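Structure first, then comments.
The values are calculated or read from the model by the stated rules, or taken from the named source; none is laboratory data. Everything quoted here is computed from the prediction, not taken from an experiment. Cβ placement follows ideal geometry from the backbone for every residue including glycine, while neighbour counts extend to all protein chains displayed.
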Amino acid sequence: MQGSSGIGYGLKYQGRCISDVRADTDHTSFITGTLSLREENEVHLIRLSSSGTELICEGLFSHPNEIWDLASCPFDQRIFSTVFSTGESYGAAIWQIPELYGQLNSPQLERVASLDAHVGKINCVLWCPSGRHDKLISIDDENIFLWTLDCSKKAAQSKQSSGLLHYLSGGAWDPHDINAVATTCESSVQFWDLRTMKKTNTIERAHIRNANYDMKKNHILVTAEDESGIHIWDLRKPKSPVRELPGHTHWTWAVTCNPEYDGLILSAGTDSTVNLWMAPTSAEDEATSESIAESATQQADPLLNSYSDYEDSVYGLAWSNREPWIFASLSYDGRVVVESVKPFLSRK
Amino acid sequence: MVEREKTRNDDVPLDDKAKRMRDLLSSFYNPDHSSAPKPPSDYENLDAINSTSFDPDHYMNVLVQKSNLEGLLRRHVEMAAEIKNLDTDLQMLVYENYNKFISATDAIKWMKSNIVGMQANMEQLLDKIMSVQSRSDGVNTSLFEKREHIEKLHRTRNLLRKVQFIYDLPARLSKCIKSEAYADAVKFYTGAMPIFKAYGDSSFQDCKRASEEAIVIIVKNLQAKLFSDSESIQARAEAAVLLKQLDFPVDSLQAKLLEKLEQSLGDLQLKTVRIENILLESNDPSKQGKAFESIPSTGHEVSVHGFAEAIRAYRVIFPDSESQLIKLAQNLVIKHFEMIEQCVKSRISSANFLGALRTIWTDVLLMDEVLSEAALPDFSLEAGQVTVKKYVASTFTYLLQDISDALLKVKVSPNEAAEEHALKLALEASKKAVLQGSMDLLLDFRQLLDDDLGLLVKLREFIVDWVQEGFQDFFRALDDRFLLLSGRKNPSSQDQVLSEGALGEKVLVGIALVLAQLSVFIEQTATPRISEEIAASFSGGGARDYENGHAFASGEICQIFRSSAEKLLHHYINMRTQRVSTLLRKRFTTPNWVKHKEPREVHMFVDLFVQELRAVQSEVKQILPVGLMRKHHRSDSNGSTNSSRSNALLDDRMSRSNTQKGRSQLLETHLAKLFKQKVEIFTKVEYTQESVETTIVKLCLKSLQEFVRLKTFNRSGFQQIQLDVQFLRTISRENIEVEDAIDFYLTRYELRSFHVIVAASERCFDPVPLEPPILDKLVQVKLARSKEQSK
């Protein structure tokens, strides 16, 4: 592709999910998995070379089923979770990359724990964003499970929210409050208190695909919706969004806030693009009405760049925590592209 | 002493001899020499010979110690010279002193000799003055008696004359009453007043009573005169003045008269109200303008004339009552303008408005003649400014209302036949409302500008500004209204409409499209024309300074509408695709695709899908122009060949896939990559039927693909998808009416549906397609059934 600044890496099969390996403080690495119904699926551990010009495959592990969701453990770089499907049924598990895997010929992933309390379709597994907590959450269509992981015993204990029947589709863990989790469902975003496993708040909004908390600012949630783009919410005012971004030509699939730079948002869409937005929500914006925020939108185009170097819908998206100006994206055809947003930061 | 003086002089570098002398002398005569300033600190230096604290022994010692022989010798010589110098000075000083003393003695001697003869002369002078004094005293005493007598006589004469006058007063007053010379009478009476006050109870009792009676008559007469309208104003004014002089409580009279005036004002207003009412009732536009001119000339003008006259009289009568009158007149003007504002609220033609203004202005001018101090023209200018501004503003509001009415009329027409063209009608009506309305508006404002009414002439610049500003604001408001109508701004309104039922909902979605097209129209046609018109007749306002030049910035308006047209179009597409997405979501969440049964017929959702697309087609056809076919054709010629090939390949691959499943798997992904022309999918939407329609179709099919990707299928599920898509394809082929369009239309449609099938096969355990004959048969059955239904 011409004019591409990104570094590419090809998976063998299609893929949907990619995650930053946050616990790896020495390297910028990502972990990703394939989604193939009929072939043998793989988990790829990819590392950005120190020169930053190459993506190196650090590890290649076979995974029993197609991977629908994958998340790296924030405190142990060798541990990650997957949500997988056989096509008919779903499962979720915590895996550990074997030690000395570089020396083994055919390394096998060690299954630390299975999160098998679920009945329906499992949507995602979330690690506690604060880092050292061994808590995780798994969300299926109807329930939220809170797990306490014990790595040494290779077991996980669960605490279940009582039957909800909301057709949940995903969620996000508040990085500012370890007891708060937002889940997306068909007609709203719901907020849960993990201590009581009760609902605390809702934003009524249909067709939300993905939600992500602002890492820097409390109370700010960014949501991606199928047709109507990206919305930024102040959770203290759930009636109407603080700001609207146009999103993508087709659905906006994923949205993620930069862990370091305030207001820097990345979104991926089914129109085969990744868009980089600059949408700071200053204190004034929070205070004033939507119209003023809108006029501010008119002043400066929030879209910093649109990366169109993809050939299929982009579902996977992850910022690097180690080098927060780098992100990895994964399009459905199995292409990982790592890009740096540095040229756009200086413009700010 | 001398030494000290010398030190002072040493400060001056050029030691001039004369100066030194003078200084020495002055210091000698200076009485304060004892309190001479202390030597400054640097004289304490041992070297300072001239200081009082000089210690010669110590000095010698130091000198001997410090200097060599040569130095000492030199010092000796210097000192000797200095001493000699000082001696000469001293001698001269003594000599000078002596000289002065001698001259002073001479002067005293001379003075003594001169004074001797003076005493005799002075004594002579005193004697003469004394004799003059005594003589003048004598004259004075001799004349005193006579003078006193004369004065007495004079006083008596005056008194007698006064008494005579008072005795004559009653007669004289009655004579005055007869001849109506009230002024003289009052003058006399007031002249006599002090005497009556002093002696009225004693000597002149009768006289006083008689004259008071006469005065009462006079007062009565005067009052009558004051209130009678038939008397000349001059006479009334005089009467008022006289009454005042007679200490009659004029204020109450004034109040009474004022009340009368106010009453007449009230009558006047009542009349005007009636006129306005008549005006509003006469809806015939040809009469409207005239009505205002004809009626006032009879009733209104006369009464205003009367009022003006009354004011004039009042003013003359009570010259110090201006402030009240001004208030009164201003009240009248304010009431007038209030009335107009009332009318403005309920939509009024510019001719009417002009008529009303004209009436007021003539009134104002009339009153100004009478009461120029009130500055009524200026006052009414201010009031008029507000009114005209309001008029301009309200006119724009009505235009806005007209346009949204024209747009919303669509909703009201419920019958099926009208619905076909409802959107088209709405578009045409609103286009007309925008352009014609604006033009009419400008014409109206033109009238205001061209009128030579003094009020409007002065306001001309303001009007130009207001009109320009008004248009600017109007278009902004219109833009807001558009967004509101389209439901883009207020998501809650959408829910409301959804509950209104299918028809209303359908039309509302269409309205977004109408609004988009209308925005384009405003941007490309209406705004340039309006700005042209404004430039032609409304230029040169600038009563205020604008930072950005003109108040009406057509460029900005164009930009606003260009962007909102885009927004609205996208909104329309969004709404349409969203509906399809909802449809698809329902379709894909309900069944268990892994345990799907063999497809027997095309699924129902396809009907709904097609229905949605047909609705789009119909709306688009009503509103948007046909695009340039050739352009599409050329750009898509490449794609079209691809697509036909893709079909062949697809079918080919499908047939083979039974046997060579493994290889086809690879081939399939590669094929998909080969035909993925994502650039083609998400191009910029143009304002043409084809562009919008294909965009929507593409987006819907893309949504379908995404939904498929989220599911896992068994063979039957896959086949069901294949069947549904196949039916869609067939239908779409049949739907195309324009021959030229087939190629490009098919390209998009086929390619996208191909992607859907690829996606389904990727997500299928066992992607074995239906045999073509079965596929065909099922499609035909469905086609036949849908045809039957449509009959």
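Key figures for this structure:
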| quantity | calculated |
| --- | --- |
| Hey, A:D214 away from chain B (no Cβ under 12 Å), touching a helix residue (DSSP H, G or I) at 6+ places or on another chain (Cβ under 8 Å) and in contact (Cβ under 8 Å) with a residue 40 or more places away in the chain or not | no |
| Residue tally, condition among the charged types (D, E, K, R) and touching an Asp or Glu at 6+ places or on another chain (Cβ under 8 Å), over region A:181-198 | 0 |
| Contacts under 7 angstrom Cβ, first residue in region A:176-193 being over 17 Å from A:N123 (Cα atoms), partner outside any strand (DSSP E or B) and not basic (K, R), 6 or more apart | A:H176/A:N218; A:I178/A:C128; A:I178/A:S130; A:I178/A:H133; A:N179/A:L194; A:A180/A:D174; A:D193/A:N179 |
| Subset of region B:176-201 (residues that are small (G, A, S) and in a helix (DSSP H, G or I)) | B:S179, B:A183, B:A185, B:G191, B:A192, B:A198 |
| Residue tally, condition within 25 Å of B:L226 (Cα to Cα) and either of a type in the set (S, T, Y) or in contact (Cβ under 8 Å) with a residue 40 or more places away in the chain (or both), over region B:170-209 | 12 |
| Residue among A:E142, A:E88 that alone is part of a loop (DSSP other than H, G, I, E, B), farther than 20 Å from A:T32 by Cα and either touching a helix residue (DSSP H, G or I) at 6+ places or on another chain (Cβ under 8 Å) or modelled with pLDDT of 85 or more (or both) | A:E88 |
| Sole exception among (1) at pLDDT below 85; (2) surrounded by 14 or more Cβ atoms within 10 Å (Cβ to Cβ) for A:R132, by number | (2) |
| Leading residue by the ranking (surrounded by the most Cβ atoms within 10 Å (Cβ to Cβ)) among those in region A:250-266 that are away from chain B (no Cβ under 14 Å) and in a strand (DSSP E or B) | A:V255 |
| Any hit, region B:558-566, residues being loosely packed, with under 15 Cβ neighbours inside 10 Å and either away from chain A (no Cβ under 13 Å) or under 27 Å from the mean Cα position of the chain (by Cα) (or both) | yes |
| Counted residues, region B:684-712 - those being facing chain A (nearest Cβ under 9 Å) and outside any helix (DSSP H, G or I) | 1 |
| Within region A:20-31, considering residues that are closer than 15 Å to A:L55 by Cβ and out of contact with any Asp or Glu (no Cβ under 9 Å at 6 or more places or on another chain), the one nearest to the other protein chains (Cβ to nearest Cβ) | A:D20 |
| Residue count, region A:203-215 (criterion: modelled with pLDDT under 85 and of a type in the set (S, T, N, Q)) | 0 |
| Top-ranked residue in region A:157-169 [being part of a strand (DSSP E or B) and buried (at least 19 other Cβ atoms within 10 Å of the Cβ); ranked as modelled with the highest pLDDT] | A:S169 |
| Region B:583-611: number of residues that are in a helix (DSSP H, G or I) and away from chain A (no Cβ under 14 Å) | 9 |
| Residue list for region A:175-214, restricted to those being surrounded by fewer than 16 Cβ atoms within 10 Å (Cβ to Cβ), of a type in the set (K, R) and in a loop (DSSP other than H, G, I, E, B) | A:R195 |
